[in-house]
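Everything below concerns the one structure shown next.
The values are calculated or read from the model by the stated rules, or taken from the named source; none is laboratory data. Worth saying up front: this structure is predicted, and the values here are computed from it rather than measured. Cβ coordinates were reconstructed from backbone atoms using ideal geometry, including for glycine residues, and neighbour counts include every protein chain displayed. Heavy atoms of the whole protein, side chains included, go into the accessibility calculation; ligands, DNA and RNA do not. Shrake-Rupley method; radii C 1.70, N 1.55, O 1.52, S 1.80 Å.
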Amino acid sequence: MSTNDSMNTSLYAAREPIFPRRVSGTFRRLKWWIMGVTLAIYYLTPWIRWDRGPNLPDQAVLVDLANRRFYFFWIEIWPHEFYFVAGLLVMAGLGLFLFTAALGRVWCGYACPQTVWTDLFLLVERWVEGDRNARLRLHKQPWSAMKARLRLTKWTLWVLIGIATGGAWVFYFADAPTLARDLATFAAPPVAYFSIAILTFTTVVFGGFMREQVCIYMCPWPRIQGAMMDEDTLTVAYREWRGEPRGKGLRRRKEAASATSETTVTRAAGPQIGGRSPALKMPGIPDTAGGTLPLDGPGDCIDCNACVNVCPMGIDIRDGQQMACITCALCIDACDEVMEKVGKDRGLIDYIALSDAPRERGGEKPRSLWVHILRARNILYTVLWAGIGFGLVFLLFIRPEIELTVAPVRNPTFVTMSDGTVRNAYDVRILNKHGEERVFLVAPGFGQDLALEIEGRSGNTVSVPADTQALTRVYVMAGPENEIAEGDRTEIRLWVEDLMSGERAYSETTFTGRGSQ
């Protein structure tokens, strides 16, 4: 190739559509269950009710942006308690590290939203257009009335799923029944329609058209997982020492077996590998093309490409570990199905630790599953994950139901009354987390001989509505004989007491006297 030709060659490779074949088996059933559970949680959670008392939202899970509150069943998170959310995010990250170190990209293969919705879209596509071969034929056919009808039906169902997805998302930010009624009557805020439109578009594009490209090009996790995995990580792999050299198909093997009546095919005795027998040995079978096959004969892989045809990423697991593999294990189900049909042992493709490969090649048993799971690295992740979880639960149970913040008013810093009394002003914010209105007594710290007044009130009590906060102006006064009045800045405390429960809270602040001048 000339220099000019190489310079003009495009580095962009157009996407080849992937049409995964339907497969059944243990891992496919597990994926169906996880897809059903996760979708049910996502779509139904906003409709669960939870009684919190009068004047409070009764939606079990609600992100109340207007009031800056997050409700999760009996738990209520205020803005200043964001450390709970931060802790949950750290737990999610550690959990992802733990699962990846133990089982590879198992999150990507089973529970990632991109995988779940792609599976849902593929289910619709297969229901409308048929299985792999039918979809391949339809893809290659020129446009016709039948093709347009099938594509329009599929795209319509995709859009409906996208609308349901976007609609369910906005229900987390407002009362679901009320917002649903407003959406149906076109009385909802414009931001609700805009959010649903954006989420519908992204759901259809990512789940219907981009699919594996999102995992390969847009998601950063495939590039990070290399640091999380090691040779003891259990991940989907091909037992090439058992499968190679590949046969040329089941028909060739039957012909080879029937070409001689003197040779007997027997199963080799020996230790079990991972609960399964070792590969079949086929000594001395004549080659129908002439000559004789090697002593061990061809490997168990018959090169049927079943593992490739079911892969949603369109890769060949027999080529080794690849960044695009999401460890969905559908290739295991497909290969096991073929192995049963040709009379071979299951497990040619399986969850394997690379450190066990030399042992299995030598005919030994792989190490126990628990040896790979209960490693120092995984135990450390588990301890950190559980420690943060217990810490959050502990903080959740010990957090007070009332909170108090005090901010001195600095303009002016103090006022001298006609009788010599020095007065300081403070903005006091009382937070009432109870489900009913509470009355709080406000008082200065004990032993400092200070007086207190509340602006606009005759007494020293403040009424705070349920699940809200009240801001009030408080004046603290030190008499002319009090040394605090003559001093510079003195540390004092302001207390509040819930008159119903007796619960107290305090906040430390400073009192500015004449000595500060």
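Go through the range 393-415 and count every residue that is touching a helix residue (DSSP H, G or I) at 6+ places or on another chain (Cβ under 9 Å), open to solvent by less than 60 Å² (accessible area, probe 1.4 Å) and either without any contact (Cβ under 8 Å) to a residue 40 or more places away in the chain or of a type in the set (A, V, I, L, M) (or both).
1
Residue check, Ser368 against (1) open to solvent by 70 Å² or more (accessible area, probe 1.4 Å); (2) without any contact (Cβ under 8 Å) to a residue 60 or more places away in the chain, all met but one. Which one?
Ser368 satisfies all of (1) open to solvent by 70 Å² or more (accessible area, probe 1.4 Å); (2) without any contact (Cβ under 8 Å) to a residue 60 or more places away in the chain except (1).
Please work out if Gly109 is out of contact with any Cys (no Cβ under 7 Å at 6 or more places or on another chain), within 30 Å of Trp370 (Cα to Cα) and not polar (S, T, N, Q).
Numbers: out of contact with any Cys (no Cβ under 7 Å at 6 or more places or on another chain): no; within 30 Å of Trp370 (Cα to Cα): yes; not polar (S, T, N, Q): yes.
Against the criterion (out of contact with any Cys (no Cβ under 7 Å at 6 or more places or on another chain), within 30 Å of Trp370 (Cα to Cα) and not polar (S, T, N, Q)), Gly109 does not qualify.
I'd like the full set of residues that are more than 17 Å from the chain's Cα centre (by Cα) and loosely packed, with under 15 Cβ neighbours inside 10 Å, limited to the range 28-57. Lay out the reasoning, then the answer.
We begin by selecting, within the range 28-57, every residue more than 17 Å from the chain's Cα centre (by Cα); these are 28-30, 32, 44, 46-57.
If the condition is that a residue be more than 17 Å from the chain's Cα centre (by Cα) and loosely packed, with under 15 Cβ neighbours inside 10 Å, then Arg29, Trp32, Leu44, Trp47, Ile48, Arg49, Asp51, Gly53, Pro54, Asn55 are the ones that fit.
Evaluate the range 127-134: report whether one residue or more is of a type in the set (Phe, Trp, Tyr), out of contact with any helix residue (DSSP H, G or I) (no Cβ under 8 Å at 6 or more places or on another chain) and closer than 29 Å to Leu330 by Cβ. Walk me through how you get there before you give the answer.
Within the range 127-134, the first condition is being of a type in the set (Phe, Trp, Tyr), and the residues that meet it are 127.
Those still in the list that are out of contact with any helix residue (DSSP H, G or I) (no Cβ under 8 Å at 6 or more places or on another chain) too: 127.
Checking which are closer than 29 Å to Leu330 by Cβ leaves us with 127.
Yes, the range 127-134 contains a residue that is of a type in the set (Phe, Trp, Tyr), out of contact with any helix residue (DSSP H, G or I) (no Cβ under 8 Å at 6 or more places or on another chain) and closer than 29 Å to Leu330 by Cβ.
Is the range 3-21 home to any residue that is over 30 Å from Ile332 (Cβ atoms), modelled with pLDDT under 90 and of a type in the set (Asp, Glu)? Full working, then the answer.
So the first thing to find is which residues in the range 3-21 are over 30 Å from Ile332 (Cβ atoms), and the list is 3-12, 14.
Filter again for modelled with pLDDT under 90, leaving 3-12, 14.
Now restrict to residues that are of a type in the set (Asp, Glu): 5.
Scanning the range 3-21 turns up at least one residue that is over 30 Å from Ile332 (Cβ atoms), modelled with pLDDT under 90 and of a type in the set (Asp, Glu).
Could you pull out the residue among Glu436, Glu491 that is under 51 Å from the mean Cα position of the chain (by Cα) and in contact (Cβ under 8 Å) with a residue 40 or more places away in the chain?
Selected residue: Glu436, the only one of Glu436, Glu491 that is under 51 Å from the mean Cα position of the chain (by Cα) and in contact (Cβ under 8 Å) with a residue 40 or more places away in the chain.
Tell me which residues, restricted to the range 417-428, are surrounded by 15 or more Cβ atoms within 10 Å (Cβ to Cβ) and not small (Gly, Ala, Ser).
Taking the range 417-428 and keeping what is surrounded by 15 or more Cβ atoms within 10 Å (Cβ to Cβ), we get 421-426, 428.
Once the filter is applied, which keeps residues that are surrounded by 15 or more Cβ atoms within 10 Å (Cβ to Cβ) and not small (Gly, Ala, Ser), the range 417-428 yields Thr421, Val422, Arg423, Asn424, Tyr426, Val428.
Does the range 479-499 include one or more residues that are open to solvent by less than 20 Å² (accessible area, probe 1.4 Å), in a helix (DSSP H, G or I), more than 29 Å from Asp64 (Cβ to Cβ) and among the aliphatic types (A, V, I, L, M)?
Yes: the range 479-499 contains one or more residues that are open to solvent by less than 20 Å² (accessible area, probe 1.4 Å), in a helix (DSSP H, G or I), more than 29 Å from Asp64 (Cβ to Cβ) and among the aliphatic types (A, V, I, L, M).
Confirm whether Ala197 is open to solvent by less than 30 Å² (accessible area, probe 1.4 Å), of a type outside the set (Asp, Glu) and assigned to a helix (DSSP H, G or I). Can you show your working first?
Values: open to solvent by less than 30 Å² (accessible area, probe 1.4 Å): no; of a type outside the set (Asp, Glu): yes; assigned to a helix (DSSP H, G or I): yes.
It is false that Ala197 is open to solvent by less than 30 Å² (accessible area, probe 1.4 Å), of a type outside the set (Asp, Glu) and assigned to a helix (DSSP H, G or I).
Which residue pairs have Cβ atoms closer than 6 Å, lie 6 or more positions apart in sequence or on different chains, and pair a first residue in the range 164-186 that is under 12 Å from Trp47 (Cβ atoms) and among the hydroxyl-bearing types (Ser, Thr, Tyr) with a second residue that is open to solvent by 30 Å² or more (accessible area, probe 1.4 Å) and outside any helix (DSSP H, G or I)?
Taking only residues 6 or more apart or on different chains, the pairs are Tyr172/Val63.
Can you tell me how many residues within the range 53-84 are modelled with pLDDT under 90 and among the aliphatic types (A, V, I, L, M)?
5
Any residue at all in the range 323-336 that is out of contact with any Pro (no Cβ under 6 Å at 6 or more places or on another chain) and open to solvent by 40 Å² or more (accessible area, probe 1.4 Å)?
So in the range 323-336, the residues out of contact with any Pro (no Cβ under 6 Å at 6 or more places or on another chain) come out as 324-336.
This time we only want the ones that are open to solvent by 40 Å² or more (accessible area, probe 1.4 Å), so: none.
The answer is no; no qualifying residue exists.
When you check Met229 against the structure, is it at pLDDT below 90 and within 30 Å of Leu98 (Cα to Cα), yes or no?
Details: at pLDDT below 90: yes; within 30 Å of Leu98 (Cα to Cα): yes.
Yes.
Filter the range 449-473 down to the residues that are part of a loop (DSSP other than H, G, I, E, B), over 15 Å from Val406 (Cβ atoms) and not acidic (Asp, Glu) and list them by number. Spell out how you get there, then give the answer.
First, the residues of the range 449-473 that are part of a loop (DSSP other than H, G, I, E, B): 449, 455-460, 465-467.
From what is left, the residues that are over 15 Å from Val406 (Cβ atoms) are 449, 456-459, 465-467.
Within the range 449-473, Gly456, Arg457, Ser458, Gly459, Pro465, Ala466 meet the criteria.
Going by what's in this entry, would Phe97 be described as open to solvent by less than 40 Å² (accessible area, probe 1.4 Å) and in contact with a helix residue (DSSP H, G or I) (Cβ under 8 Å, 6 or more places away or on another chain)?
The answer is no for Phe97.
Which one is nearest to Thr510 (Cα to Cα) among residues in the range 429-458 that are open to solvent by less than 30 Å² (accessible area, probe 1.4 Å) and of a type in the set (Gly, Ala, Ser)?
Per the stated criteria, the residue is Gly445.
Could you list all residues from the range 140-153 that are exposed (fewer than 12 other Cβ atoms within 10 Å of the Cβ), part of a helix (DSSP H, G or I) and not aliphatic (A, V, I, L, M)?
Lys140, Arg149
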